[in-house]
1. Enumerate the calculated ³J(HN,Hα) couplings along the stretch 27-39 in order (Karplus 6.51 cos²θ - 1.76 cosθ + 1.60, θ = phi - 60°), each rounded to whole Hz, writing x wherever the residue is Gly or Pro.
2. Given the options 147, 101, 117, which has the most mean-square fluctuation in a GNM of the chain, springs set between C-alpha atoms less than 10 angstrom apart?
3. Under 5 Å between amide hydrogens, which residues at least 5 positions from residue 78 or on another chain qualify, with H placed 1.01 Å from N in the peptide plane?
4. Angle, helix 155-167 long axis vs. longest principal axis of the chain, Cα atoms, 0 to 90°, nearest 10?
5. Per-residue HN-Hα couplings for the stretch 96-110, Karplus 6.51 cos²θ - 1.76 cosθ + 1.60 at θ = phi - 60°, whole Hz, x for Gly and Pro?
6. Search the structure for amide H atoms under 5 Å from the amide H of residue 69, placed 1.01 Å from N in the peptide plane, and list their residues when 5 or more places away or on another chain.
7. The list (1) 160; (2) 137; (3) 188 gives values of volume of the Cα convex hull per residue in Å³, and only one came from this structure; which label was calculated from it?
8. Considering only DSSP beta bridges whose two residues both sit in the chain, what percent are antiparallel, to the nearest 5?
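Just so you know, all these numbers are worked out from the coordinates, no wet-lab data involved. Source: prediction; values computed, not measured. Ideal geometry is used to build each Cβ from the backbone, glycine not excepted, and the neighbour counts take in all protein chains shown.
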Amino acid sequence: MIPILLKVLRTGIVSEAPSAAREEWRTRASAIQADIVRILGRALVIRHVDAGSCNGCELEIHALNNPYYNLEGMGIRFAASPRHADMLLVTGPVTLNMERALRIAYEAMPDPKLVVAVGDCGCDGGIFGQGCATRGGVAKVLPVDVAVPGCPPPPVALLQGILTAIAARAPDNPTHKLAK
């Protein structure tokens, strides 16, 4: 144990210096949070449903919650109950076993509802397609507002899809630049 501690002390802290773009990201996050509050009047609450994915998209969704992307700092958070959600974030092709649960989650959400289909599987069924065990993409079961393609889509693409769906809630504002 002592040799390890001595090595740690000799080596010191090994990490990268923060990038200069980080300050720009903070400024942009503040603007996004202000826009979300202006459009919704509160923070955006997302309910995530895995309708049968391989969990690749989930890993990217979890990355949105890390300190780099800091989703909660932008006024966006995840909830366990669809009754408290403004948006349904659906990953994977809709399997027969999850179709009813997905519909129940959608119906439990208060109006107006937003649905974002994530990944190639959520968009059109991906490599699973439509068959005896899957219905295909989310749009075959629920009305989809925004589809985020990719296998899996990177966190920035997910964030752009979420912000595009929110921007769609403000149709009276043609200069809305939330998703850029």
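1. 4, 5, 4, 5, 5, 5, 4, 4, 5, 4, 5, 5, 6
2. Fluctuation is largest for 101.
3. Result for residue 78 returns 46.
4. 50 degrees
5. Each residue of the stretch 96-110 in turn: 4, 6, 9, 4, 5, 4, 5, 5, 4, 4, 5, 5, 6, 6, x Hz.
6. The answer is none.
7. Checking each listed value against the structure points to (1).
8. Details: 2 of 18 bridges.
Given both bridge residues lie in the chain, the antiparallel proportion sits at roughly 10 percent.
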